[in-house]
1. State the percentage of accessible surface on the chain attributable to carbon and sulfur atoms; use a 1.4 Å probe and exclude ligands, DNA and RNA.
2. To the nearest 10 degrees, how steeply does helix 181-190 sit against the main Cα axis of the chain, on a 0 to 90 scale?
3. Nearest 500 deg cm²/dmol is fine: what mean residue ellipticity at 222 nm does the chain get from its DSSP H runs of n ≥ 4 alone, each adding -39,500 (n - 2.57), divided by its residue count?
4. With every protein chain left in place, what is the accessible area per residue of region 1-147 in square angstrom, probe 1.4 Å?
5. Kindly rank 84-95, 124-135 from highest to lowest mean number of other beta carbons found within 10 Å of each residue.
6. In sequence order, what are the phi-derived ³J(HN,Hα) couplings for region 162-167 according to the Karplus relation 6.51 cos²θ - 1.76 cosθ + 1.60 with θ = phi - 60°, rounded to whole Hz, with x for glycine and proline?
7. Could you give the angle, 0 to 90 degrees to the nearest 10, between helix 319-347's Cα long axis and the longest principal axis of the Cα atoms of the chain?
8. Show the residues, 5+ positions off or on another chain, whose built amide H is closer than 5 Å to the amide H of Arg141.
Amino acid sequence: MAGLSHRRVIIVGAGQAGLATAAALTARGMEPQRDFVVIDHSPRARRTWSSRRPSMRLFSEAQHSSFPRKPLDGDPYRHPTPAEIGDYLHEFQAELGVKPIWGVRALSVARRGDGPTLQLRTTAGEIQTRNVVCATGAAARPRVPAWAVNVDVEGLQMHSNAYKTPEQIPPGQVLVIGGGNAGMDVSSHLAESHHVTLAVRTRRSEVPVRRFPAHPWVPPWRRAEAPHEPIYGYSYSTLQEKGVVLRTEATGVRGSEFAFSDGSRQSYQTVIFATGYEPGDDWLPDLPPPRRRIPTTTALPGLFVAGIPTYSHPRANTLPGAWADATQIARYMVKSRLVVSLRLFLDG
C-alpha cells in the first residue's frame with residue numbers, strides 16, 4: 001500500500017457516503033486516484049444494498065432517495081428497491097471516474113509524530129495521508145444480544161439482514177426479536193406462511209410512510225437521549241390481525257426456550273434477530289468530544305466521519321444526508337488547506 005501514501009485524502013468506504021465524499025472533493029478540483037483514493041473492505045462492488053431482500057422498499061420516495069442533481073430515473077413518487085439504489089450507486093461511481101480498491105479493511109488511524117500526517121493502518125499495509133474520511137456506514141455490522149450464543153433451535157437462527165423470502169424459513173414457530181421497522185416488516189412478511197411471534201421491548205409511535213423521516217433533530221452530544229425511530233407504515237394492531245402474536249422483551253434463552261420480561265418462557269423452532277446494526281466506526285480511535293461540536297469532525301485533526309448520524313444529524317444515513325455531510329467535509333478540508341498555505345506564506 002506504499003503507493004497509496006501521500007494522497008491528500010483516503011476515503012474508507014465505497015458506499016453512498018464514500019461516493020458522496022468523492023463527488024464533493026471532485027467538485028473542488030481534486031482528481032480521483034491522484035488526489036484521493038477510496039478503499040473498501042467488501043469484495044468487488046458488493047455494497048450492502050445488494051444483500052437486502054428483493055421485496056424490500058425504501059421508506060423515502062425516489063425523488064428523496066438520490067444525490068442532488070442526479071435524480072433516480074422513473075416515477076419520482078415510487079419507493080425504490082435496494083437493487084435500484086445499488087445500480088444507481090454503481091452508475092454514479094462510473095460517472096465520477098472513481099476506482100475503489102476493494103477487499104481492503106481499515107484497522108486503525110492515528111497521528112504520525114507531531115505533524116499533520118495521519119497513519120492509516122489497513123489489512124494491506126499502512127498509508128500516510130493528511131485526511132481520512134470514515135464512510136463505513138451506520139449499519140455496517142448486525143447487532144445481536146450477548147445471550148444469542150446460547151440459542152440452539154431446530155430451524156434457523158439469523159439476523160434480519162439475512163432474511164430474503166419465506167421459503168428459506170422451515171416450518172414451525174418463528175420468533176422475531178425486535179419491535180422496530182425491520183422486525184415489523186419481517187413479521188408481516190412471514191405471517192402469511194408461518195406462525196410468528198414478535199418480541200417487543202418498547203412500543204414505538206406509528207407514523208404513515210409519507211411522513212418519513214419523522215423523528216426530531218437531536219444534537220450529537222445529546223444523541224443518547226434521542227427517542228426511538230417511529231414505525232413507518234405498520235401498526236401493532238394490524239400485525240395482530242394478520243395472526244402475529246406480540247410478546248414482551250426477550251431477555252434470554254436456553255437452547256430453544258426463550259425467556260421474556262413478563263416471566264414467561266416458550267420454545268420456538270426459528271429465531272430472527274431484528275435487533276439493528278452497529279456503525280462501521282470500530283476502527284476509529286477512542287477520542288474525546290471535540291471542543292467545538294462541528295458535525296462530521298472529530299477531535300483528531302484531519303479525521304472526518306460521513307454518513308453516520310451520531311457524528312452529524314439523523315438523516316446522515318440517507319443519500320441526501322450523506323451528500324450534506326460530504327459537502328461539509330470537502331468545504332472544511334479546502335478551508336483548512338487555505339489556512340495552512342497562508343501560515344506557510346506568512347512564516348516564509
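The values are calculated or read from the model by the stated rules, or taken from the named source; none is laboratory data. Just so you know, these numbers come straight off a predicted model, no measurement behind them. Virtual Cβ from ideal backbone geometry, glycine too; neighbours counted across all protein chains shown. Protein only, heavy atoms only, side chains kept; ligands, DNA and RNA dropped before computing areas. Shrake-Rupley method; radii C 1.70, N 1.55, O 1.52, S 1.80 Å.
1. Of the solvent-accessible surface of the chain, carbon and sulfur hold 51 percent.
2. 40
3. Helix contribution divided over all residues of the chain: -6500 deg cm²/dmol.
4. On a per-residue basis, region 1-147 sits at 48 Å².
5. Highest mean packing first, the order is 124-135, 84-95.
6. These are the phi-based 3J(HN,Hα) values: 8, 6, 10, 9, x, 5 Hz.
7. Long axis of 319-347 versus the principal axis of the chain: about 20 degrees.
8. Placed amide hydrogens put Glu278 under 5 Å from Arg141.
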